[in-house]
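We did not get these values from a lab; they are worked out from the coordinates using the rules stated. As the structure is a prediction and not an experimental result, all values here were calculated from the model. Backbone-built Cβ (ideal geometry, glycine too); neighbour counts: all protein chains shown.
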Amino acid sequence: MKTATSIIFAFVLASPLSADEMCTRVHQDLEQADGSYSDLWRLTVEPQDGQLVLATFSIDVDEEPDTAGIPPGRRVETIHYAPSGRHTEKVGYVKFPNDEDRKGVDGFYYKKWIVSGFGQEIKFGPMFRLGGGGGSARVEGEVPFRHQSVRRRFRFGDREENPTKEFRFVLSLETIEFHEAAAKAATAKVELPERKDRSWSIELPARKQSAEPDGADQPAIRSKPDSEGGDRPQSKSEEGSR
């Protein structure tokens, strides 16, 4: 029995990370002691030999016409070394209801929001959370998957319809080759530590983030070689956030 258990455990450890495991919801609308509500997700990637993990926290702000009172656009990248074989981060937001207008809660309009993840925490409000958020996971190549990426996106605006102020948070994890990470670090004039038996994280200097097209989230895709030697993508959709 002990041998059988050991074999099963070893198989679990050796199994490649699936797209479903890369992004999981921890909880939704969990009430906190201060009366706020929390939504939380768990993002996971599994770097292979010679790879590191790149965590990107970005705020995309529409430049027109009025950005007063909303967070400035920026992009913060953190490089992680995960000798254990997997790297997991929790991302999400906390929302504070409008006590003077409880009906506003049903319209996703809250007096204050706190979006957090990857060591960043941004407070703002009052704002609506707009539709079109969600997430995606992607794995490419043969097993074990060499390139993996997963993200969550949150969109906000001052109005539900025709917002004059609109911005997005995008929090993503991806596996990258060591030489790619070293090049990023060199550009930022940062030196990467040695890769030994202890994990480490290096945050690169924040950069200004310009507005980007707000394209639709991509479904989770697993690319496998077809009979002619090319790649045949297989799509698997992930549940988007409400």
From the phi of every residue in the stretch 153-160, what ³J(HN,Hα) in whole Hz does the Karplus formula 6.51 cos²θ - 1.76 cosθ + 1.60 yield, where θ is phi - 60° and glycine or proline is x?
9, 10, 10, 9, x, 7, 9, 6
For ARG86, placing the label point 7 angstrom along Cα-to-beta-carbon and taking the stretch 168-204, residues whose amide nitrogen sits under 13 Å are none
Amide H neighbours of LEU204 under 5 Å, at least 5 residues apart or on other chains, H built in the peptide plane: list them.
GLU77, THR78, ILE79
To the nearest 0.05, how large is the calculated FRET efficiency for TRP200 and GLU121 if R₀ is 30 Å and r is the Cβ-Cβ distance?
0.90
State, to one decimal in nm, how far the label point of ILE114 lies from the label point of HIS27, with both points 7 Å from Cα in the Cβ direction.
1.4 nm
Around LEU130, which amide H atoms from residues at least 5 apart in sequence, or from another chain, sit under 5 Å from its own amide H, with H modelled in the peptide plane?
ARG155, PHE156, GLY157
